[in-house]
Amino acid sequence: MRTSTICIRFSLWLGVVILLVLCTPQLDAADQFLRRVEDLTDEQRLLQKLRTNYDPAVRPVYDAKEPVIINLGITLTQIIDVDEKNQVLTTNVWLDQEWTDQKLNWNVTDYANITMLRIPCDLIWLPDIVLYNSVENHNKGYMKSLAMVSHEGRIFWPPIVRMRSSCKMDITYFPFDDQICILKLGSWAYDGLQVDVTNRTETIDLTNYVDNGEWELIGNKIVRNVKFYPCCPEPFPDIVFFLHIRRRVLYYLLNVIIPCMLLSSLSLTGFLLPPDSGEKVTLGLTVLLAFSVFMLLVAENMPPTSEYIPLIGIYLTVIMAMSALSVALSVFVLNCHHRGAMLHRPPRLVRILARTAARAMCMHLRYLGRAGSSYPSCRGFSPSSFMSSCPSSRHSHRHPACSCSCSTSDNGLHEMGGDSSSSSTTSARIEREILHYLRAVLEAHEKSRKEQVAVNEWQEVARVLDKFFFWVFVAVTAISTLVLLVFSPMTKNVTFPES
């Protein structure tokens with residue numbers, strides 16, 4: 001009996017020891033857990049609570065038929081580059097995305113009145129918003145910025161994104177061109193029944209926008225579209241952001257347009273240079289060579305495309321063609337100026353046109369101004385008429401043109417022959433010799449006069465052509481400048497498309 005009692009007591013003590021040994025680690029673990037809970041901050045406790053039973057791979061809605069509404073907007077900070085050649089627009093934006101996560105909400109009184117919590121974006125579900133017209137690869141992804149979560153489950157995530165989007169460039173009015181570029185954003189995998197994308201604001205936020213040195217932002221617009229693609233019967237909504245930008249003209253005005261106009265004015269001065277100087281063609285070729293070098297420099301600043309012909313390209317082509325034409329016309333004017341040495345007067349039609357053009361340009365002509373000879377001899381005396389109508393001194397009184405030279409010679413001959421009336425034969429011979437030499441002198445004078453008349457008339461024709469071409473080139477230069485660089489840019493009509 002005593003032995004059995006001792007055994008029972010020993011068994012009880014052994015059980016208590018074993019129980020104490022087994023319960024001691026659990027008590028230590030509970031104590032450590034309580035201590036850990038006491039060491040956590042309020043935000044840590046809240047984050048642990050939010051991550052409980054949360055899967056960032058699925059949409060945060062309890063009803064699978066209910067879509068997640070994404071309020072999408074952008075804050076434009078800078079237009080970095082506009083590549084006309086590759087038709088690419090590079091912008092720096094804040095991609096503002098806002099939606100409701102039904103699993104991320106809490107009671108603010110349980111967590112020290114915390115109403116907003118910033119957590120890493122990798123820990124929550126994110127919409128797959130992509131730039132549809134992007135020319136960049138999608139391997140980089142968005143900036144891993146913190147997401148702002150409110151106690152009601154509203155999430156605001158604004159990553160900073162550098163977007164390189166395709167933009168159709170129309171450089172017809174370059175450098176006075178306007179461009180309308182779009183940024184088309186939407187969900188790539190989710191349809192509109194799962195993720196519904198709407199615009200967050202009516203216009204793009206420009207509060208932090210930094211001006212671009214080459215392009216000026218004129219306006220913007222946001223349009224929401226719903227499209228059906230051949231792949232899927234469900235609707236796919238997207239948001240299109242329109243940017244209306246205009247090129248600043250001051251750089252091209254100082255470096256392209258004004259130098260081009262100065263060179264074109266130099267080509268006009270070639271027609272003011274007298275043909276006798278011998279520098280008309282040299283000046284024209286020098287200006288043409290300067291234009292060729294200038295065109296090479298301008299071509300580096302012009303967008304290299306064959307779809308559109310820019311206005312400045314047309315203007316430069318016109319001015320350069322006029323410079324080349326001025327060289328050809330200077331050669332033509334020099335040819336007319338030196339044509340008088342061939343002893344051919346200008347044709348009657350040329351003289352009439354020259355006189356008409358001279359009157360229109362208020363020019364005074366000394367030689368082409370008369371219809372008859374420009375060098376009348378002895379009050380209307382013509383050497384050719386004298387040769388035909390004055391064969392001898394005896395008939396000089398029958399023609400009035402002989403009253404100047406021929407009559408004087410005949411009177412001298414009569415006086416010489418009056419004293420020797422007996423020797424009539426000798427007097428007639430002397431008279432014929434004198435008339436022969438007189439005819440030779442008159443023929444030389446007639447030839448010299450005709451040559452001088454032809455030279456002077458052709459020189460006046462060249463002078464009229466110079467003045468005529470000068471005013472024609474002034475008119476063409478002024479009209480091309482006004483039409484291509486003033487009126488044409490004013491007729492452009494740039495409007496936002498409907499979608």
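The values are calculated or read from the model by the stated rules, or taken from the named source; none is laboratory data. Quantities reported herein were computed from a predicted structural model and do not represent experimental measurements. Every residue, glycine as well, gets a Cβ built from its backbone with ideal geometry; the counts of neighbours run over all protein chains shown. Just so you know, the surface numbers come from the protein's heavy atoms only, side chains and all, with ligands and any DNA or RNA stripped out. Shrake-Rupley method; radii C 1.70, N 1.55, O 1.52, S 1.80 Å.
Things to note:
- Number of residues in the range 308-339 that are open to solvent by 30 Å² or more (accessible area, probe 1.4 Å) and assigned to a loop (DSSP other than H, G, I, E, B) equals 3.
- Residues in the range 464-498 that are among the charged types (D, E, K, R), open to solvent by 60 Å² or more (accessible area, probe 1.4 Å) and in a helix (DSSP H, G or I): 467 alone.
- Residue within the range 177-189 that is among the aromatic types (Phe, Trp, Tyr) and over 29 Å from the mean Cα position of the chain (by Cα) present: yes
- Residue within the range 284-298 that is in contact with a strand residue (DSSP E or B) (Cβ under 6 Å, 6 or more places away or on another chain) and hydrophobic (A, V, I, L, M, F, W, C) present: no
- The single condition among (1) within 30 Å of residue 271 (Cβ to Cβ); (2) at pLDDT 85 or above that residue 451 does not meet is (2).
- Criterion (on the phi < 0 side of the Ramachandran plot, touching a residue at least 60 places away in the same chain (Cβ under 8 Å) and hydroxyl-bearing (Ser, Thr, Tyr)) met by exactly one of 305, 282, 286: 305
- Candidates 253, 297, 289, 285 - the one that is farther than 23 Å from residue 329 by Cα and at pLDDT 85 or above: 253
- Of 160, 74, 129, all but one fail to be farther than 30 Å from residue 484 by Cα, of a type in the set (Val, Ile, Thr), open to solvent by 60 Å² or more (accessible area, probe 1.4 Å) and touching a residue at least 60 places away in the same chain (Cβ under 8 Å); the exception is 160.
- Residue in the range 235-251 that is of a type in the set (Ser, Thr, Tyr) and in a loop (DSSP other than H, G, I, E, B) present: no
- Among the residues of the range 454-499, the ones that are more than 29 Å from residue 331 (Cα to Cα) and among the β-branched types (Val, Ile, Thr) come to 5 in all.
- In this structure, residue 152 qualifies as farther than 24 Å from residue 82 by Cα, among the acidic types (Asp, Glu) and open to solvent by 10 Å² or more (accessible area, probe 1.4 Å).
- In the range 48-63, the residues that are of a type in the set (A, V, I, L, M, F, W, C) and surrounded by 10 or more Cβ atoms within 10 Å (Cβ to Cβ): 50, 58, 61
- Apart from one condition, residue 91 fits all of (1) of a type in the set (Ser, Thr, Tyr); (2) at pLDDT below 95; (3) buried (at least 19 other Cβ atoms within 10 Å of the Cβ); the exception is (2).
- Qualifying residue in the range 74-81 (condition: among the acidic types (Asp, Glu), in a strand (DSSP E or B) and over 17 Å from residue 194 (Cα atoms)): yes
- Annotation: residue 170 fulfils all but one of (1) touching a strand residue (DSSP E or B) at 6+ places or on another chain (Cβ under 6 Å); (2) open to solvent by 30 Å² or more (accessible area, probe 1.4 Å); the unmet one is (1).
- Hey, residue 147 among the small types (Gly, Ala, Ser) and out of contact with any strand residue (DSSP E or B) (no Cβ under 7 Å at 6 or more places or on another chain) or not: no
- Here residue 177 meets the list (1) surrounded by fewer than 21 Cβ atoms within 10 Å (Cβ to Cβ); (2) touching a residue at least 60 places away in the same chain (Cβ under 8 Å); (3) among the charged types (D, E, K, R) almost entirely, failing just condition (1).
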